[in-house]
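Q: Structure incoming, see below.
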Amino acid sequence: MYEHGVWRLHFVCRVEVDVADAPGDGVAGIDLGICNLAAVSYGDESVLYPGGALKEDEYYFAKKRAETDDSASREAKRLDRKRTSRRTHFLHTLSKDIVSECVERGVGTIVVGDLSGIREDENGESRNWGTHGNLDLHGWAFDRFTMLLDYKAETEGIEVVTKSERGTSKTCSVCGRSDDNQRVERGLYVCDCGFVGNADANGAENIRRKVLPNLATDGGDRDNGWLAQPAVRLFDRSGGRFAPREQVTGRES
Ligand SMILES: [Zn+2]
């Protein structure tokens, strides 16, 4: 190429980004929430990730922060940095665990509920998250979590899609109805069709269905014990990772 009076050689390098093939064509749905930070439905299995460890941290740091006299002090800044790195570590670990569970189950697509539903109720009002001083946690955590999940899933060849959460917590994932014959009692979703299951797992299954062709529902005859008894994975502080509840002692039992 002749340019500005001199000949130049141009080399073009193509760099292939190493992305794995999708582990399979399964679909997983994730419902993000407060009590359970994430509920995951695999279509025949559901897994809950309680947010207790994260909340304990929030209480701890809120308390320590209140004890410092000067909110601009070095100590206050140190606490803020530490809190942020603990949150980040927790969310890294959570997204990593979900992606590796997805790989194990041959999942090629993860559907995540759109977060606007988390922050606003049906009328578009901000939901009341209680008085525990962790109001800002959830918007922050969910955005961060989704970003980390997206990134980790991509390297495994898994696609992450977001879908509106609208109606997913109210609809019965077994009979498909959403009228006045369903209710949530103490974390259990109860429908007149006979289905009783974990409310967050029910929501996650509805989110999962959003990318599936419309399935004929069978009025509740299908075996849905997996929605009634989700597995629970807890953050194990000693190991810094998530593990089945049975293996994590002393917390969130
Ligand atoms: Zn039903």
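What follows draws every value from the coordinates through simple rules; no lab data is involved. Worth saying up front: this structure is predicted, and the values here are computed from it rather than measured. With ideal geometry, Cβ positions are generated from the backbone for all residues, glycine too; neighbour counts draw on all protein chains shown.
Q: Residue 21 to residue 81: FRET efficiency via 1/(1 + (r/R0)^6), r the Cβ-Cβ distance, R0 30 Å, to the nearest 0.05?
A: 0.15
Q: Expressed in nm to one decimal, what extension gain is obtained for the pair residue 241 and residue 89 from 0.36 nm per residue of sequence separation less their Cα-Cα distance?
A: Result for the pair: 53.8 nm of gain on full extension.
Q: Using a Förster distance of 51 Å, how high is the FRET efficiency between residue 229 and residue 70, based on the Cβ-Cβ distance and rounded to 0.05?
A: 0.55
Q: Sort 224-232, 189-197 by the packing proxy (mean of other Cβ within 10 Å over each peptide's residues), most packed first.
A: 189-197, 224-232
Q: Starting from the Kirkwood Rh over alpha-carbon pairs, what translational D in µm² s⁻¹ does the stretch 60-103 have by Stokes-Einstein at 37 °C and 0.692 mPa s?
A: Estimated via Stokes-Einstein, D reaches 276 µm²/s.
Q: If you consider only alpha-carbon coordinates, what radius of gyration and Dmax does the stretch 22-247 have, in Å?
A: Looking at the stretch 22-247, its Cα Rg and Dmax stand at 18.4, 62 Å.
Q: Regarding the stretch 7-73, what whole-number volume in Å³ per residue does the convex hull of its Cα atoms give?
A: Measuring per residue, one finds 219 Å³ for the Cα hull of the stretch 7-73.
Q: Could you tell me the calculated FRET efficiency between residue 159 and residue 188, based on Cβ-Cβ distance and R0 = 51 angstrom, to the nearest 0.05?
A: So, using R0 = 51 Å, E works out to roughly 0.95.
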